[in-house]
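**Q** The structure is given below, and queries will be raised subsequently.
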Amino acid sequence: MSDKPLITHTYTADPSAHVFDGKVYIYPSHDRETDQPTNDNGDQYDMVDYHVFSLDEIGGDVTDHGVALDMKDIPWVSKQLWAPDAATKNGKYYLYFPARAADGIFRIGVAVGDRPEGPFTAEPQPMKGSFSIDPATFVDDDDEAYMYFGGIWGGQLQNWQGETYDPNGKEPEGDAPALLPVVSKLTEDMKEFAEKPREIQIVDEDGELLKASDHDRRFFEAAWMHKHEGKYYFSYSTGDTHYLCYAIGDNPYGPFTYGGRILEPVLGWTTHHSILEFKGKWYLFHHDCEISNGVNHLRNVKVKEIFYDEDGKILPVK
Ligand code: FUB
């Protein structure tokens with residue numbers, strides 16, 4: 001299958017892909033050129049709107065449905081529309097997105113639409129109790145919806161080791177447990193958390209939490225959840241070591257046991273993805289920086305078929 005960028009007329013990243021109404025819809029970040037400085041805080045990821053894309057077939061033409069949500073129409077946002085996701089329930093479509101509020105703190109917002117491609121109307125305030133970045137929604141077979149989120153460094157998860165934002169919060173080091181992503185069930189109307197967000201555990205083969213020093217395996221950002229043959233697969237980016245990894249659990253809250261790598265480092269610093277089943281095959285959507293020749297904040301979405309072995313392990317993509 002072709003490894004070409006799916007979209008070349010504009011920069012796209014952080015693809016969250018879903019099958020809605022028999023088509024594949026992609027909800028990516030919309031990268032743009034900026035004069036913001038490049039730093040570990042991610043100031044260079046200075047996005048101001050979202051476009052939605054769709055495909056009838058993997059490998060077929062990609063339709064750009066245009067601007068689905070613009071920052072100027074989101075009352076609480078000051079800057080940086082980062083990695084979004086979408087869900088559907090009760091005949092409505094929900095676009096979830098992280099962005100900085102006026103105080104510089106990342107929160108997660110929701111916008112509602114009647115069609116998968118939008119347009120979406122943002123709620124006036126972020127979701128109550130939300131923090132950090134990279135929301136990923138998952139609707140289970142029993143119709144319960146969950147949101148997974150969190151990201152360290154520029155994503156501010158290290159600033160939230162308690163109920164309040166600590167501007168001096170640091171990523172732990174050495175043998176201390178690594179910071180953990182967060183999950184919460186969503187309310188029936190999909191607009192709020194139905195419970196206090198709780199950490200999810202990612203453990204090694206001995207049941208021990210991954211250590212902070214284990215940068216090849218510890219959670220950094222880009223949460224995703226999918227279900228394969230009754231098991232729950234939590235996948236994520238290791239950030240500064242640039243892997244996409246996964247961990248397997250028996251229920252949406254975990255614990256999740258580290259399973260391995262899905263994707264080795266690609267061109268560019270960030271790595272972010274989604275996994276979906278379409279017409280009986282499984283696909284990994286991700287990004288790299290091919291069309292900008294490696295400019296980290298000017299990315300493009302790609303898709304690859306993935307395979308599982310007989311034990312349910314995802315075979316690494318080369
Ligand atoms: O696109 C901005 C940020 O970069 C995302 O929120 C992260 O996952 C990383 O891809």
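**Q** Dividing the alpha-carbon Rg of the chain by 2.2 N^0.38 Å yields what? Mind showing how you got there, number by number?
**A** Details: Rg = 17.8 Å, N = 318, 2.2 N^0.38 = 19.6 Å.
Dividing the Cα radius of gyration by 2.2 N^0.38 Å gives 0.91.
**Q** Can you compute the modelled spin-label distance between Asp309 and Arg198, with each label point 7 Å from Cα toward Cβ, in nm?
**A** The answer from the label model is 3.2 nm.
**Q** Ok, one more. By its C-alpha gyration tensor, with a ≥ b ≥ c as the square roots of the eigenvalues, how is the stretch 156-208 shaped: rounded for a/c under 1.5, else prolate for a/b larger than b/c, else oblate?
**A** Numbers: a/c = 3.90, a/b = 1.37, b/c = 2.86.
Oblate.
**Q** Taking the Cα centroid of the stretch 169-237 and of the stretch 85-133, what is the distance between the two, rounded to the nearest whole Å?
**A** Computed from Cα coordinates, the inter-centre distance equals 21 Å.
**Q** Further question on the same structure: With a 10 Å cut-off between alpha carbons and a GNM built on the chain, which of Gly118, Gly66, Gly260 moves the most?
**A** Greatest mean-square fluctuation among the candidates belongs to Gly66.
**Q** Another question, then. Which chymotrypsin sites (Phe, Trp or Tyr not before Pro) in the stretch 256-314 sit in a loop by DSSP (not H, G, I, E or B) and have at most 13 other Cβ atoms within 10 Å of their own Cβ? Before the final figure, lay out each step's value.
**A** Values: sites: Phe256, Tyr258, Trp269, Phe278, Trp282, Tyr283, Phe285, Phe307, Tyr308; in loops: Trp269, Phe307.
Those that pass, being in a loop and sparsely packed, are Phe307.
**Q** Here is a further query. Can you list the HN-Hα couplings for the stretch 84-97, worked out from phi with the Karplus curve (6.51, -1.76, 1.60; θ = phi - 60°), rounded to whole Hz and with x for Gly and Pro?
**A** x, 8, 9, 8, 10, 6, 6, x, 10, 10, 10, 9, 9, 8
**Q** Identify the residues of the stretch 1-45 with backbone N under 19 Å of a label point that sits 7 angstrom from the Cα of Asp64 along the Cα-to-Cβ direction, or state none.
**A** Taking a point 7 Å out along Cα→Cβ of Asp64, the residues of the stretch 1-45 whose backbone N falls under 19 Å are 4-17, 24-34.
**Q** Along the stretch 204-221, what does the Karplus equation 6.51 cos²θ - 1.76 cosθ + 1.60 (θ = phi - 60°) give for ³J(HN,Hα), rounded to whole Hz, x for Gly and Pro?
**A** Along the stretch 204-221, the couplings run 8, 5, 9, x, 8, 4, 4, 7, 4, 6, 7, 5, 6, 10, 6, 5, 10, 5 Hz.
**Q** Projected onto the charge dipole of the chain (+1 at Lys/Arg Cβ, -1 at Asp/Glu Cβ, origin at the Cα centre), which of Tyr148, Tyr232, Ile248 gives the Cα projection farthest towards the positive end?
**A** Final value for the positive-end residue is Tyr148.
**Q** Next question. Among the listed pairs Lys23/Lys281; Lys281/Lys313; Lys185/Lys302; Lys23/Lys304; Lys4/Lys79; Lys227/Lys279, which are separated by more than 22 Å between their Cα atoms? Intermediate values should be presented prior to the final figure.
**A** Numbers: Lys23/Lys281 14 Å; Lys281/Lys313 15 Å; Lys185/Lys302 30 Å; Lys23/Lys304 17 Å; Lys4/Lys79 30 Å; Lys227/Lys279 15 Å.
Among Lys23/Lys281; Lys281/Lys313; Lys185/Lys302; Lys23/Lys304; Lys4/Lys79; Lys227/Lys279, the Cα-Cα distance tops 22 Å for Lys185/Lys302; Lys4/Lys79.
**Q** So how far apart, in nm, are the two label points at Met1 and Glu208 if each is 7 Å from Cα heading toward Cβ?
**A** 3.7
**Q** Something else about it: Could you give the accessible area per residue of the chain, probe 1.4 Å, as a whole number in Å²?
**A** Details: 13000 Å² over 318 residues.
Heavy-atom accessible area per residue stands at 41 Å².
**Q** Then there is this: Which percentage, to the nearest 5, of the DSSP beta bridges contained in the stretch 13-306 is antiparallel? Spell out each step's value before the answer.
**A** Values: 75 of 77 bridges.
Of all bridge pairs located within the stretch 13-306, approximately 95 percent are antiparallel.
**Q** Additional query: Calculate what fraction, in whole %, of the accessible area of the chain sits on carbon and sulfur atoms when a 1.4 Å probe is rolled over the protein chains.
**A** 46
**Q** Could you pull the accessible area for His9 with a 1.4 Å probe, rounded to 10 Å²?
**A** That residue has around 120 Å² of solvent-accessible surface.
**Q** Could I ask something else about it? Specify the residue with the greatest mean-square fluctuation among Pro181, Pro37, Pro197, computed from a Gaussian network of the chain linking alpha-carbon atoms under 10 Å apart.
**A** Of Pro181, Pro37, Pro197, the most mobile in the Gaussian network model is Pro37.
The values are calculated or read from the model by the stated rules, or taken from the named source; none is laboratory data. Predicted, not measured: the structure shown is a model, and the values here were computed from it. All Cβ positions, glycine included, derive from the backbone under ideal geometry; neighbour counts span all protein chains shown. Calculation scope for accessible area: heavy atoms of the full protein, side chains included, ligands and nucleic acids excluded. Shrake-Rupley method; radii C 1.70, N 1.55, O 1.52, S 1.80 Å.
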